[in-house]
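The values are calculated or read from the model by the stated rules, or taken from the named source; none is laboratory data. Small disclaimer: the values here were computed from a predicted structure and weren't measured. Cβ: placed from backbone, ideal geometry, glycine included. Neighbour counts: every protein chain shown.
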Amino acid sequence: MDVRIFDSAERIGQEVGRLICDYVNSNPEACLGLATGMTPVPAYNYIANEYACGRVSFAKVTTFNLDEYCDLPKEHKNSFYSFMVDNLFSKIDIDLGNVNFLDGNAQDVEAESKRYAEKIKAAGGIDIQLLGIGRNGHIGFNEPSDKFTDEAFKVKLTDSTIEANSVFFDDIPMPRWAVTMGIGSIMRAKKILLVATGESKAQAIKNTIEGEVTPENPASILKQHPDATLFIDKAAASLLK
Ligand code: F6R
């Protein structure tokens, strides 16, 4: 696992956005795994600007998002689908037919998980997986647990996640459940880029880099990935030895 420390969230956005654009320019049919949350937004802004300047096209790219809330209509303003449309998809030339999300309203979650796994496989697997990290070390919505889960599953969100994300819900209570790609699905991506900024992520980053590999800190598994890089700012790095 490589660790790169930057002066600002904006610099991380430029670096990660540039890596993704370079990859798409040499592989126009790339398959990208995408994350929501505030941390990847500078990278999405960089990508949108590169597109606006005519320097990259996503017309043939396929994407798979990591997770989605349960019991929220797909088009609700707080769904992760809406987040991606607002922050990236509406600003680039991606074909919305090529963007994939887990269905947070699926009645049969096992069948939905199988569908997603098969679709990722049919797309040739994920080339680059972008990740954020929760204050509790979650990746996707793989919350601290006693085991790593392989494929997508339905998860009860922890108090820490609800506290962090409920600020975005002003009209309805934040959903307590979500569906997320499993650790196995994340680890099968060929390349992983994790972004973390701010002091609130410092403990999770310390545990990830200096702690043991344990499902109690889901991000720690990234140490076992052959091509994972952490892009962190000085505040997120502040507890490292
Ligand atoms: C979102 C996701 C989460 C976030 C994490 C950090 O798709 O999978 O793991 O990456 O909760 O969120 P922010 O970036 O808002 O701190």
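Values for this structure:
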item	result
Single residue of Met38, Met84 found to be under 19 Å from Gly134 (Cα atoms), touching a Leu at 6+ places or on another chain (Cβ under 7 Å) and of a type outside the set (Gly, Ala, Ser)	Met84
1 or more residues of a type in the set (S, T, N, Q) and more than 16 Å from the ligand (Cβ to nearest atom): qualifying strands (runs of 3 or more DSSP E) within segment 10-80	62-65
Identity of the residue in segment 190-204, in a helix (DSSP H, G or I) and buried (at least 24 other Cβ atoms within 10 Å of the Cβ), that ends up farthest from the ligand (Cβ to nearest atom)	Ala204
Where a residue in segment 13-36 is buried (at least 21 other Cβ atoms within 10 Å of the Cβ) and its partner, wherever it lies, is hydroxyl-bearing (Ser, Thr, Tyr), with Cβ under 7 Å and at least six apart	Gly13/Tyr46; Gly17/Tyr46; Cys31/Thr62; Leu32/Thr63; Leu34/Thr63
Hits in segment 116-155 (condition: closer than 17 Å to Ala189 by Cα and of a type in the set (Lys, Arg))	Lys119, Lys121
Which numbered condition Leu96 misses (of (1) within 15 Å of the chain's Cα centre (by Cα); (2) surrounded by fewer than 20 Cβ atoms within 10 Å (Cβ to Cβ))	(1)
Subset of segment 218-241 (residues that are over 18 Å from the mean Cα position of the chain (by Cα) and hydrophobic (A, V, I, L, M, F, W, C))	Ala235, Ala237, Leu239, Leu240
Segment 159-175 residues that are closer than 16 Å to Asp71 by Cβ and within 11 Å of the ligand (Cβ to nearest atom), paired with ones that are part of a loop (DSSP other than H, G, I, E, B) and among the small types (Gly, Ala, Ser) (beta carbon under 6 Å, 6 or more apart)	Thr161/Gly134
Filter result (surrounded by fewer than 18 Cβ atoms within 10 Å (Cβ to Cβ) and charged (D, E, K, R)) within segment 104-118	Asp108, Glu110, Lys114, Arg115, Glu118
Matching residues in segment 147-189 - criterion: being modelled with pLDDT under 95, farther than 18 Å from Pro73 by Cα and not in a helix (DSSP H, G or I)	none
Cross-chain or 6+ apart pairs with Cβ under 6 Å, segment 200-213 first and farther than 11 Å from Ala237 by Cβ and of a type in the set (S, T, N, Q), then assigned to a helix (DSSP H, G or I) and modelled with pLDDT of 95 or more	Thr208/Ala219; Thr208/Ser220
Selection status of Ser90, surrounded by fewer than 23 Cβ atoms within 10 Å (Cβ to Cβ), within 16 Å of the ligand (Cβ to nearest atom) and among the small types (Gly, Ala, Ser)	no
Odd one out for Asp108 among (1) free of Cβ contacts under 8 Å to residues at least 40 places away in the same chain; (2) more than 16 Å from the ligand (Cβ to nearest atom); (3) in contact with a strand residue (DSSP E or B) (Cβ under 8 Å, 6 or more places away or on another chain)	(3)
Any pair with Cβ under 8 angstrom, 6 or more apart, that starts in segment 67-83 at a residue that is without any contact (Cβ under 8 Å) to a residue 24 or more places away in the chain and farther than 14 Å from Ile172 by Cβ and ends at one that is in a loop (DSSP other than H, G, I, E, B) and aromatic (Phe, Trp, Tyr)	Tyr81/Phe101
In segment 120-146, the residues that are over 17 Å from Thr36 (Cβ atoms) and outside any loop (DSSP other than H, G, I, E, B)	Ile120, Lys121, Ala122
